[in-house]
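To keep things clear, I will list the structure first and then write my remarks on it.
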Amino acid sequence: PFIVTDACIQCKYTDCVSVCPMDCFVEGPNFVVIDPEGCIDCSVCVPQCPVDAIVNAAEVSPQQAEFVELNARLARAPGWRPLTQAKAPMDGHEQWAGVAGKRAHLRL
Ligand code: SF4
Ligand code: F3S
């Protein structure tokens, strides 16, 4: 499957969700994930993300490897909900876009 990584945290642009033919994006407080059970590896979501947060799980960097497990787990987490239509990005997204190492800011 494809996965959402660090760059999405505190930005959540949501351009990705509206193009997914499988509706497999799931939203939390300051991040979205891809449900690996639904993803068919079509990759159409990848170029939609303005901060390049979406990658193929099979090609994830060592720094982002934790996000493979996080996408699978958070897609089923209490309070996380499917998101199928784009909405406004988070307040402060301009400041957070491009900041490295946002994993510590992930809210569950
Ligand atoms: Fe959806 Fe395709 Fe992206 Fe998987 S790769 S999340 S199926 S748009
Ligand atoms: Fe996140 Fe990029 Fe989608 S910031 S919500 S993965 S468009």
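Each reported figure results from applying straightforward, stated rules to the coordinates on display, with no laboratory input. Just so it is clear, the structure is predicted and the values come from calculations on it, not from any experiment. Cβ coordinates were reconstructed from backbone atoms using ideal geometry, including for glycine residues, and neighbour counts include every protein chain displayed.
Worth pointing out:
- Residues that are assigned to a helix (DSSP H, G or I), within 10 Å of ligand 2 (Cβ to nearest atom) and in contact with a Ser or Thr (Cβ under 9 Å, 6 or more places away or on another chain) within the range 44-76 comprise just one, Gln48.
- When the range 27-47 is limited to residues that are surrounded by fewer than 23 Cβ atoms within 10 Å (Cβ to Cβ) and among the aliphatic types (A, V, I, L, M), the one that is nearest to Gly98 (Cα to Cα) turns out to be Val46.
- Taken over the range 23-60, residues that are under 12 Å from the mean Cα position of the chain (by Cα), aliphatic (A, V, I, L, M) and more than 25 Å from Pro78 (Cα to Cα) amount to 2.
- From the options Asp35, Asp15, Asp23, Asp6, residue that is charged (D, E, K, R), closer than 15 Å to Glu69 by Cα and within 13 Å of ligand 1 (Cβ to nearest atom): Asp35
- Neighbours by Cβ (under 6 Å, 6+ apart or cross-chain): first from the range 40-52, under 13 Å from Thr5 (Cβ atoms); second part of a helix (DSSP H, G or I) and more than 9 Å from ligand 2 (Cβ to nearest atom): Cys45/Val19
- Annotation note: of Ala77, Ala57, the sole residue that is buried (at least 16 other Cβ atoms within 10 Å of the Cβ) and in contact (Cβ under 8 Å) with a residue 24 or more places away in the chain is Ala57.
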